[in-house]
Each structure stands twice: as structure tokens, then as C-alpha cells.
1. Of the numbered conditions (1) in contact (Cβ under 8 Å) with a residue 60 or more places away in the chain; (2) more than 23 Å from Leu87 (Cβ to Cβ), Val196 satisfies every one except a single condition; which is it?
2. Please go through (1) at pLDDT 95 or above; (2) within 13 Å of the ligand (Cβ to nearest atom); (3) over 23 Å from Met99 (Cα atoms) for Gln167 and return the number of the only condition it doesn't satisfy.
3. Which of the residues that make up the range 139-148 are within 17 Å of the chain's Cα centre (by Cα) and open to solvent by 10 Å² or more (accessible area, probe 1.4 Å)?
4. Take the residues of the range 13-49 that are hydroxyl-bearing (Ser, Thr, Tyr) and touching a helix residue (DSSP H, G or I) at 6+ places or on another chain (Cβ under 8 Å): which is modelled with the highest pLDDT?
5. Before we move on, is Ala157 surrounded by fewer than 24 Cβ atoms within 10 Å (Cβ to Cβ) and more than 12 Å from the ligand (Cβ to nearest atom)?
6. Could you list all residues from the range 174-209 that are assigned to a strand (DSSP E or B) and away from the ligand (no atom under 16 Å from the Cβ)?
7. Please go through the range 94-133 and pick out each residue that is near the ligand (Cβ under 8 Å from one of its atoms), over 21 Å from Arg248 (Cα atoms) and of a type in the set (Gly, Ala, Ser).
Amino acid sequence: MERDLALIELLADGQFHSGEALANHLGITRAAVWKALRKTTGQLGLPLQSVRGRGYRLDTPLELLDANRLINEMSESGRSRLAALELHQQIDSTNAFLMRAAAQGAASGTVCLAEQQSAGRGRHGRTWVSPFGANLYLSLLWRYPLAPAALGGISLAAGAVIAEVLQGFGADDLALKWPNDLLWRRRKLGGLLLEVSGESQGPSYLVVGVGINLRMTTTQGSDIDQPWATLDEVTAGRGVGRNALAARLLDGLLEALDVYGRDGLAPFLTRWRALDVFRGEPVRLLLGDQVIEGLHVGIAEDGSLQLDTPTGRRAFQAGEVSLRPMEIA
Ligand code: BTN
């Protein structure tokens, strides 16, 4: 597989490469190049052109992640908070990787990114569709002296920061759906998955996993069971660089994780509220088999959702609750 991915790296520029040049580069035959390319591009869902006399090229160039470039693009303060950067071509899940690494003692500020996840995790046990090179899949590990129960608000803090970073790349009409779905015109552009472990009174560690749809094709996203969007669509194809975006997200998220440890959710509340898409709307909350309807009146200081129900105002913590607008429930 490593050799097959090396072929994809050579073709990532979107230019033609002759079978001979590719074969020489990898020390294999031209027939082996063709076989490997057909198999790998098929598996990764990357349309390949093969033109007699010119060679092979990918339909669309890929900007693959590059650890050096990414770190260079980060800010000084971002770099000072980064303990280690793990970049994988393929992985089961960047969150799973960091949870395993944390249990083995990995340092606070360790980051993991991958070009593809074979078992990307979404909230509520769902799968996160993670095709090769099409989107961003990144996770950060942070350690706190706090109890795990004190870390729930980080999902809101991180959601606000991610939306602001994307706005910085020209993405308008972004919104957040409590607790942490990133939406564009009510279609899902990204999501966050927090995994926490620790002693009941602290210390604890947290892995924040971020998935952002960048340029996934309709075919690649065909298994997603809700309306979705890509950043390419949101920015009308202005082409946001994957390394630049990952660098800005890491800068923002590492800072947010640090700030949360000192000041909690307070510095992020106004920013989150400004992006709250369903505030003032009737919604349904799904808690397992239970459905609770009410008017979403906004989030409280602790990040809980406040709902005006026929039996009065009630507050809900994120956990296993899902929010649906009334019209598509
Ligand atoms: C959601 O369901 O909205 C949360 C999706 C979180 C996906 C990201 S992709 C990087 C990280 N690794 C995972 O396995 N999941 C998160």
C-alpha cells in the first residue's frame, strides 16, 4: 500500500506523468504501475486519466498534507503549544489513535492528522465518511488537572473557533447547531467529536476530533445520511489550501484548549451565541427513545441548551442528546 500511495503522491500535482517515469521512480515495471494505479485510484475514489503518449494524471490535483509546510504555516504561539504532530496517510481514526497514545503517556498538545480514515468516528456511534485527501481529519490531545465532567464546554468553544477560522478563509453563512455541528445554510460542513478520560476528580485528558468537508465528491459522500456541504462550495471554489487551513485550525484550537483550562467557557459564550442557528426556533431533542419538544431559547453559561417546554424551562447537557429543527425531525 505504501508504494501505491507513493504513486498517488507523484500524481497529486494533477500533471501528466509517463508510465515510464513513474516506473523508474519506484523501481517497478510499467505494467505494475498501471495495475497499482488502477487499483489504488479505484479504491480511493480518485478519477484517473490515462492518455496514450502522455501518461497518467488525476482529474483533480490534490494538495496533500505536509508536516513541515503545515508547521511553518502555524503561528509562533500555535507552535509553542504543539507537542508533536503525527501525520498519517491512512489510519483507523485520528481520535482513536490519540486516545491510544494518551493512554501510553503522549504529551498534552499532541496532534494527529490523516489523509484517510478507515473507521472515522462520528457522534452517537455513527461513522464519519473520510475519503482520501478530500477533507480534513484532525485530532488534538490536551491534558487538564480538571475532572472530566468540567470539560463538556470545550465542544462549544472549539465549534466557535472553527467557525471563526473558516470565516477567515471567506466562508459566509456559517452557523452552529448545538452542541457542535458546523453548518452552512443548514447543511453539515463539519463536526466535532470529544472523547474524554480521567479520574472523577481529575486529572483528565481530552481528544478533540475535527472533521471538515473540503472537496468531497457526491460519490465519495454518498453514504452520508443528512444534507452536507463542502468548503469548496461555500467559498465558491476559491480553493482553500489544506495545509494553510489545518495550520489556522491548529493555532485556534490549541489556543482555545489552553484558554479553556484557565477561564472555562466564558470567553467563548458570546462568540458561540452569535452563530447559534436554531435560537428562537421550535426544536426537538432526542434523548435515546425520548423526544422533547420546545422553543430553543439559547445556551446557558455552562453551555447547556435551554428549552421552553409545556412544563417549563429545562436545561440539557450535550452528552447523548441530539437536536433537530421541527421541520425535518
Ligand atoms: C460528528 O458526528 O459530527 C463528529 C464528527 C467528527 C469527525 C472527526 S474526523 C477526525 C476525528 N477522528 C474521528 O474518528 N472523528 C473525528
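The values are calculated or read from the model by the stated rules, or taken from the named source; none is laboratory data. Just so we're clear, the structure is a prediction, and the values are computed from it rather than from any experiment. A quick note on method: Cβ atoms are made from the backbone with ideal geometry, for glycine too, and the neighbour counts reach across all protein chains shown. Surface accessibility is based on the protein's heavy atoms, side chains included, excluding ligands, DNA and RNA. Shrake-Rupley method; radii C 1.70, N 1.55, O 1.52, S 1.80 Å.
1. So Val196 meets the others, but not (1).
2. Among (1) at pLDDT 95 or above; (2) within 13 Å of the ligand (Cβ to nearest atom); (3) over 23 Å from Met99 (Cα atoms), the lone unmet condition for Gln167 is (2).
3. If we filter the range 139-148 for residues that are within 17 Å of the chain's Cα centre (by Cα), which is where we start, we get 139-142.
Passing the criteria: only Trp142.
4. As a first pass, look at the range 13-49 and keep what is hydroxyl-bearing (Ser, Thr, Tyr): 18, 29, 40-41.
Still in the list and also touching a helix residue (DSSP H, G or I) at 6+ places or on another chain (Cβ under 8 Å): 29, 40-41.
Details: Thr29: 94, Thr40: 91, Thr41: 91.
Of everything passing the filter in the range 13-49, Thr29 is modelled with the highest pLDDT.
5. Working: surrounded by fewer than 24 Cβ atoms within 10 Å (Cβ to Cβ): no; more than 12 Å from the ligand (Cβ to nearest atom): yes.
For Ala157, the condition - surrounded by fewer than 24 Cβ atoms within 10 Å (Cβ to Cβ) and more than 12 Å from the ligand (Cβ to nearest atom) - is not met.
6. Filtering the range 174-209 for residues assigned to a strand (DSSP E or B) gives 174-177, 181-184, 187-198, 204-209.
The answer is Gly198, Ser204.
7. Ala96, Ala119, Gly120, Gly122
Results for (1) out of contact with any helix residue (DSSP H, G or I) (no Cβ under 7 Å at 6 or more places or on another chain); (2) surrounded by fewer than 21 Cβ atoms within 10 Å (Cβ to Cβ), shown as yes or no for each residue.
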{"residue": "Gly211", "(1), (2)": "yes, no"}
{"residue": "Ile224", "(1), (2)": "yes, yes"}
{"residue": "Val259", "(1), (2)": "no, yes"}
{"residue": "Ile292", "(1), (2)": "yes, yes"}
{"residue": "Glu301", "(1), (2)": "no, yes"}
{"residue": "Asp308", "(1), (2)": "yes, yes"}
